[in-house]
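The values are calculated or read from the model by the stated rules, or taken from the named source; none is laboratory data. Being a predicted model, the structure only gives us computed values, none of them experimental. Glycine also receives a Cβ, built like all others from the backbone with ideal geometry; neighbour counts cover every protein chain displayed. Surface areas here come from the heavy atoms of the whole protein model, side chains and all, with no ligands, DNA or RNA. Shrake-Rupley method; radii C 1.70, N 1.55, O 1.52, S 1.80 Å.
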Amino acid sequence: VRGGTDEQKKIFYTSLYHTMIDPRDFTDVDGKYMGADGRVHESKLFTKRTIFSGWDVFRSQMPLQTIINPCLVNDLLLSLTTMAEESGKGYYERWEFLNAYSGCMLGNPAISVLADAYAKGICRLDMDKAYECADKTSKMFGNAELGYTPNPLGISKTLEYAYTEWCMSQLAVAMGKREDAEYYAKLSRSYKNLYDKEKHSFRPKEADGSFEPWPADGKLHEWYGCIECNELQQGWFVPHDIQGMVELMGGTEQVIADLDTMFAKTPDSFLWNAYYNHANEPVHHVPFLFNRLGAPWLTQYWTRVICADAYKNNLAGLCGNEDVGQMSAWYILASMGFHPLCPGETRYELTAPVFDRVEIALDRRYAKGRKFVVTTEGNAPDARYIQSATLNGKPYNRCYIDHEDIVRGGELHFVLGRTPNKQWGVE
């Protein structure tokens, strides 16, 4: 990276280092490792890896690696698949630790990583075997039985499972499994079954279909059907069906107003709070929602503010737990000017880069190009709004870019300014 302050470059490269620690190599010098069956195995065609903090890293860390280190993503998927086989369990673990099942957190994040990698064309594994593991995982942990997942933690589970059920539908389409695609596409809309329009909120349900009593502090009540957060934070997690979510929540203007209120009440430090809590993962996609709502200048504004205020070059440099590279990966992507909203899609949301120039070396085993470069003109701390853009010298008026455009190589150039250009990038 070039441009920016020395402090910003230190934050960037420290963050980059953090993202390169895990998932770590689990093999001995001869390629052998202790398997999930308690026996010694040898890894000849890939590097066996461990420490997959799935609930955290599927959001930014693994999508980042699909660009800068795709071989690692492939290694991880092979590692999770061999663990499922060796253990005899046959399903993907959500929080793998030292080649063992921890059962920690919730959701099916390995399916997200698999769908994302497959959509981007970087999978080098037996996809029939991987799909079998993913299918079993979804059927063990999902919304099929009731059309939602009941308490405890019913909101978080239902929304996160609905997203990975969408991931399954995408995999099924790509692999020609039509019946599975329809089955999982229907389940991906399960999130709607928990929405209470009277309360303007998702609410956890019991197995008998009754809502859990509404708390005195409403959407701000931590652990009300949610893990490590409140409904205000978890309730935005419908990345696979933004249009459906917006319709459910009262329309685009209402959703933008609700997001504006949430950000306005967020403390400047971005430390743990009841509003936009960047210290924890469920909201990490939220600043990029504005791109899908026809207000990309708000994505540009808030990502620059978060990069400036939630990340520091000091002992407590992160506003929350690093979570095995996720917190830092968010910064790396956002500061370069793009970030996924829905892993499993090949689309990245564009925003205003922090630096004047970012050059990404591409892996020629997985990419057509040698490097992808992001440059800016007129960049300054208060010049955070995109005025115009070009891709490989041609005018570019989209607030998103496709993975293929990145790995093909080339240059994305932004002209930045101090006031919003409300015509650029509006869908």
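Quick notes on this one:
- Annotation: average projected area of segment 123-226 is 7.4 square nanometres, based on the convex hull of Cα atoms across all directions.
- Proximal lysines to Lys205, defined as alpha-carbon separation beneath 28 angstrom and excluding residues fewer than eight positions away on the same chain: Lys136, Lys139, Lys157, Lys186, Lys192, Lys197, Lys219
- Debye log10 I(q)/I(0) for segment 23-73, one point scatterer per Cα, at q = 0.14, 0.24 Å⁻¹: -0.43, -0.92
- Most mobile listed residue (Asp37, Asp323, Asp56) in the chain, GNM with C-alpha springs under 10 Å: Asp37
- Projecting the Cα atoms of Val426, Asn277, Val407 onto the charge dipole of the chain (Cβ charges, centred on the Cα centre) puts Val407 farthest toward the positive pole.
- Fluctuation leader among Tyr13, Tyr91, Tyr161 - the chain, Gaussian network, Cα springs under 10 angstrom: Tyr13
- Averaging the sequence gap over all C-alpha pairs within less than 8 Å and six or more residues apart, then dividing by the number of residues, gives segment 275-427 a relative contact order of 23 percent.
- Residue-normalised accessible area of the chain, given per residue in Å² at a 1.4 Å probe: 40 Å²
- Max mean-square fluctuation residue, GNM over the chain, Cα-Cα springs under 10 Å, options Asp180, Asp260, Asp25: Asp260
- Cα coordinate range in segment 361-419, projected on the principal axes (Å, largest first): 41, 21, 16
- Per residue, the convex hull spanned by the Cα atoms of segment 34-147 amounts to 101 cubic angstrom.
- By average C-beta atoms within 10 angstrom, highest first, the peptides 325-333, 408-416: 325-333, 408-416
- Of the listed residues Glu7, Glu182, Glu404, Glu93, the order by accessible area with a 1.4 Å probe, largest first, is Glu182, Glu7, Glu404, Glu93.
- Nearest-10 value in Å² for the accessible area of Glu427, using the 1.4 Å probe: 130 Å²
- Listed values for segment 231-238 are Karplus-derived 3J(HN,Hα) couplings in whole Hz (6.51 cos²θ - 1.76 cosθ + 1.60, θ = phi - 60°), namely 5, 4, 7, 5, x, 7, 8, 9, and x replaces Gly and Pro.
- Taking all Cα pairs closer than 8 Å and separated by 6 or more residues, the relative contact order of segment 130-256 comes to 25 percent.
- Counting only DSSP H runs of at least 4 residues, each contributing -39500 (n - 2.57), and dividing by the residue count of the chain, the helix-based mean residue ellipticity at 222 nm comes to -11000 deg cm²/dmol.
- Where the Cα pairs of segment 203-250 fall when distances are cut into 10 Å bins, in %: 25, 45, 30, 0
- Scaled to the globular estimate 2.2 N^0.38 Å, the Cα spread of segment 286-427, given as radius of gyration, is 1.02.
- Over every Cα atom in segment 147-187, the radius of gyration and the widest Cα-Cα span, Dmax, amount to 11.3, 36 Å.
- Across the chain, the relative contact order, built from alpha-carbon pairs under 8 Å that are at least six residues apart, equals 16 percent.
- Once the mean of 1/r is taken over each pair of separate Cα atoms and inverted, the chain shows a Kirkwood hydrodynamic radius of 22.0 Å.
- For segment 204-304, the Kirkwood estimate of the hydrodynamic radius, built from every pair of different alpha carbons, is 14.4 Å.
- A compact globular protein would have a Cα radius of gyration near 2.2 N^0.38 Å; the ratio found for segment 228-368 is 1.06.
- Isotropically averaged projected area of segment 171-212, using the convex hull of Cα atoms (one quarter of hull area), nm²: 3.9 nm²
- One way to sum up the overall shape of segment 232-288 is the equivalent ellipsoid from its Cα gyration tensor, whose semi-axes run 21, 13, 7 Å, largest first.
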